[in-house]
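Report on the structure given below.
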Amino acid sequence: MLLIFLTKMRPFAQALLTLLVFMWWSRSDCYDPLDPNGNITVTIDILQRTLDGYTARVTIQNYYQYRHVDKPGWNIGWTWTKDEVIVSMSGAFATQQGNCSSLNFQDAHCCKKDPEIADLPTVASLGKTTVGCCKGGLISAYAINPAKSFSSFEITVANLGANNTYFAPQNLTIMAPGPGYTCESLQDSDPTVFPDIGGRRQVQVFRTWKSICTYSTFVANKAPVCCVSLSTFYNPTITSCRLCSCGCRPTGQNATSCIRESYNLPQADLVNSLDLVKCTDHMCPVRVHWHVKNNYVDHWRIKLTVSNYNYKKNYSDWNVLVKHPGFSQKSTAYSFNGTVLPAVGFAEEVALFWGVSYFNEELLQADEDQEGSVTTDILLEKDLESFTFRNGWGFPRKIYFNGEDCEMPLPDTFPMLPNSSSTLKPTSDCFCLLLLLTFLTFKTLKYFWF
């Protein structure tokens, strides 16, 4: 109907309406209803004035609840408004120095009009570090580790002349680590206030610029990056990931490995956007499997498994977000960390899971024999008024991996209850204990009699 309507409008009106539709669709793609306040905020605080410039602190704060910055880390860039030069930097480095021969700053750190800056590694020498830096570009999701959800560095800017008129940089960009983030223009904000002397004194900076960057899956990825498969104890049918969930397997190819495009990068950076993954019917780098394992009187048990089909990529500090009404009751994950996030306006609760430090916080790459995987059992209390296995109630409504929406199977392919039974009798703990005691008693009597 929209296309028919557009063809009957004048060209100018058609163009205007098309632009409005595109803007609305683009903003809706950046908006995540499960994390409505999520963003990355870039703050530039001018700490000190100099003869022809200033010293500033740049902070990258991640407010996304379950989207983190993975390896190889963040990369931030901008365009100077005037003829600014970065004389020195601590806590980060400019990837190119540029041509400083025409300036009086031949030892300057960076003379480029459009510098690109990356974080220092964790092994950086003390003389080059500053507070909040040197994490290899990694930034945690806010809900998982707020203390590691930011990164910062300091720069000394010069070549502004004696009038000391400061201009905010333009065209702010951030790669975290790939594309997908769109940043607003840096705007003047209320000056930041820092605590001093153990919080007894408040120190205010000279000036503060801020920009909010939001993420779009459509801008970032060529195709989805994960899919979901399902199974249950009451039905032998396994619902696999949908065919071609993340792309289609090359026809006539019997190889075990396939090349897959991941990020939407320019043609010059095509090599950096390629993933080597296991050839499958779904062609997803990651699969999340949800298995309904047991049914007890007042609890039920799930087994959640995340598999990595990448041959050359590990996922550090991974996380999985599950949307299911069962998480409105108490739940226990045995091998993952977990928490329930606020779900404003949704009937289903949202649970966030991530790895345990020094145990399974890294999802390893696949090899020729098997995929890398992490798994846990999840025990959930029952809400007896709503709990059922009918109509696929036991399966998740949505699953996200590292903030990316996973492709769900179609509801009509879910494993259903057997036709001969509309309900499943739960396993009673007391009944199981009685059977065990009977068995042990029988074995003991048999030993003495014979």
## Note on the structure
In segment 363-399, residues that are touching a Pro at 6+ places or on another chain (Cβ under 8 Å) and polar (S, T, N, Q) total 1
### Task
Would you check if there is a residue in segment 343-354 being modelled with pLDDT of 95 or more and more than 18 Å from the chain's Cα centre (by Cα)?
no
### Query
Counting just the residues of segment 197-211 that are open to solvent by 70 Å² or more (accessible area, probe 1.4 Å) and part of a strand (DSSP E or B), which one comes out nearest to VAL42 (Cα to Cα)?
LYS210
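ASP275: open to solvent by 50 Å² or more (accessible area, probe 1.4 Å) and either modelled with pLDDT of 95 or more or under 20 Å from SER245 (Cα atoms) (or both), yes or no? If you could, list the steps in order and put the result at the bottom.
Working: open to solvent by 50 Å² or more (accessible area, probe 1.4 Å): no; either modelled with pLDDT of 95 or more or under 20 Å from SER245 (Cα atoms) (or both): yes.
No, not satisfied.
Out of curiosity, is GLY127 in a loop (DSSP other than H, G, I, E, B) and under 30 Å from CYS100 (Cα atoms)? It would help to see each step written out before you state the result.
Values: in a loop (DSSP other than H, G, I, E, B): no; under 30 Å from CYS100 (Cα atoms): yes.
Taking the combined requirement at face value, the residue does not satisfy it.
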### Message
Can you pull out every residue in segment 385-400 that is without any contact (Cβ under 8 Å) to a residue 60 or more places away in the chain and among the hydroxyl-bearing types (Ser, Thr, Tyr)?
### Response
THR388
### Query
Assuming ILE197 fulfils every condition listed in (1) at positive phi; (2) touching a residue at least 24 places away in the same chain (Cβ under 8 Å) apart from one, which condition is it?
(2)
### Message
Restricting to segment 132-167, count the residues that are touching a residue at least 24 places away in the same chain (Cβ under 8 Å), in contact with a Lys or Arg (Cβ under 9 Å, 6 or more places away or on another chain) and surrounded by fewer than 17 Cβ atoms within 10 Å (Cβ to Cβ).
### Response
3
### Task
For residues that are modelled with pLDDT under 95 and open to solvent by less than 20 Å² (accessible area, probe 1.4 Å), tally how many sit in segment 168-178.
2
### Query
Could you list, in sequence order, the residues of segment 47-100 that are charged (D, E, K, R) and more than 23 Å from PHE401 (Cβ to Cβ)?
ARG49, ASP52, ARG57, LYS82, ASP83, GLU84
### Query
Within segment 339-356, is there a residue that is assigned to a strand (DSSP E or B) and charged (D, E, K, R)?
yes
### Task
Please find, among LEU363, LEU417, LEU424, the residue that is aliphatic (A, V, I, L, M), at pLDDT 70 or above, open to solvent by less than 50 Å² (accessible area, probe 1.4 Å) and more than 27 Å from the chain's Cα centre (by Cα).
LEU417
#### Entry: Qualifying residue in segment 82-103 (condition: open to solvent by 50 Å² or more (accessible area, probe 1.4 Å) and under 18 Å from the mean Cα position of the chain (by Cα))
no
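The values are calculated or read from the model by the stated rules, or taken from the named source; none is laboratory data. These numbers were taken from a predicted model, which means no experiment stands behind them. Glycine also receives a Cβ, built like all others from the backbone with ideal geometry; neighbour counts cover every protein chain displayed. The accessibility values were calculated without ligands, DNA or RNA, using every heavy atom of the protein model including side chains. Shrake-Rupley method; radii C 1.70, N 1.55, O 1.52, S 1.80 Å.
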